[in-house]
Amino acid sequence: TAFEHIIVESKGAVGIVKINRPKMLNALSFDVFSEIATAIDDLEEDDAIGCIVVTGDEKAFAAGADIKEMQPKKFIDMFSQDFMDIGGDRVTTCKKPTIAAVSGYALGGGCELAMMCDIIIASDTAKFGQPEITLGTIPGLGGTQRLTRAVGKSKAMDLCLTGRMMDAAEAERSGLVSRIFPADKLMEEVLAIADKIAAMSRPVAAMAKSAVNRALETSLAEGMNVEGDLFHATFALEDRAEGMAAFIDKRKPNFRNR
Ligand code: HXC
């Protein structure tokens, strides 16, 4: 697929979706969101790809939804067609593992896009926030929901009510971010992590991801049931036998994704 606002490439088994509107700090217009959705469709279908990285540039992952595009809209416009309707949350339904590589601003819809990914890895220059309240609106793609689950009520309220930004260190401390790297090393480090994930058994990675995601959707008892079912299901895979045999033989496993 040809894209106007994003660049999609693959490096080995890793697919990279790079938002490319640098003059607007990667503001997420409807078109950007729908291009990202199409890119995820393409990469999910591509058997060569085992992990997907969503990123921006050094200055901004994305400074939010495109305020200039939103400003004239009325209730009925947003009610008739909002970000969800054009695939704004497509990243959340991707079966392949996804990593947000965040440098610079991840604000509003940008922070929400990062939170749709399985893992957020940040550079030491990253700044996260939900500044919507300063524009007279509130988050619309998970900023009140995913952020609260990630960092707890007090900090989510603090961010959503004051609109302030938090730096990478605070984001890591509060559990939003899994790791921080220096800005000039971010992509190299993220690609190494993505390579490692892509080398795992694809169905097993999908099961691990699915089980962790259930933890946010259900009770502990039901979550344990789901985990148990998926754990048992791995024993139906050749890759599970191979992984354990490789350990015993002191060699690298050769996963064949079956
Ligand atoms: C449209 C944006 C933009 C945005 C920046 N720009 N963010 N355009 N939508 N979200 C544009 C600016 O207008 C400017 O264009 C250019 O990018 C560079 O930005 P500056 O403000 O000049 O840069 P700087 O002074 O470095 O300040 C950076 C910043 C600031 C602090 C990140 O740009 C900012 O506050 N941006 C808005 C952040 C925000 O409120 N995000 C939430 C959006 S609402 P010109 O033409 O002047 O050069 C949202 C709702 C989500 O996300 C709902 C569901 C998706």
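Rule-based calculations on the coordinates, nothing more; no lab input. Only a predicted model underlies this, so the values are computations on that prediction, with no experimental measurement involved. Every residue, glycine as well, gets a Cβ built from its backbone with ideal geometry; the counts of neighbours run over all protein chains shown.
Figures for the structure shown
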read-out	value
Long-range HN-HN contacts of Val54 with modeled amide H, under 5 Å	Val17, Ile99, Ala100, Ala101
Per-selection Rg to Rh, the range 16-79 - Cα, Kirkwood hydrodynamic radius	1.06
Helix-only CD estimate at 222 nm, as mean residue ellipticity for the chain, using -39500 (n - 2.57) per DSSP H run (n ≥ 4)	-12500 deg cm²/dmol
Nearby lysines by direct alpha-carbon distance to Lys59 (threshold 19 angstrom, same-chain neighbours under 8 apart not counted)	Lys18, Lys23, Lys127, Lys185
For the range 132-192 and the range 241-258, distance of Cα centres in Å	37 Å
Chymotrypsin sites (Phe, Trp or Tyr not before Pro) restricted to DSSP loop in the range 191-258 with at most 12 other C-beta within 10 Å	Phe235
Pairwise Cα inverse-distance average, inverted: Kirkwood Rh of the range 111-258 (Å)	17.7 Å
Net length gained if the chain between Glu189 and Met157 were fully extended (0.36 nm per residue, minus Cα distance)	8.3 nm
At 1.306 mPa s and 10 °C, Stokes D of the chain from Kirkwood alpha-carbon radius, µm² per second	83 µm²/s
Integer Hz, Karplus 6.51/-1.76/1.60 couplings in order for the range 60-74, x for Gly and Pro	8, 5, 5, 7, x, 4, 6, 5, 5, 6, 7, 3, x, 6, 10
Whole-number percent relative contact order across the range 21-153, with pairs defined as alpha carbons under 8 Å at least 6 apart	27 percent
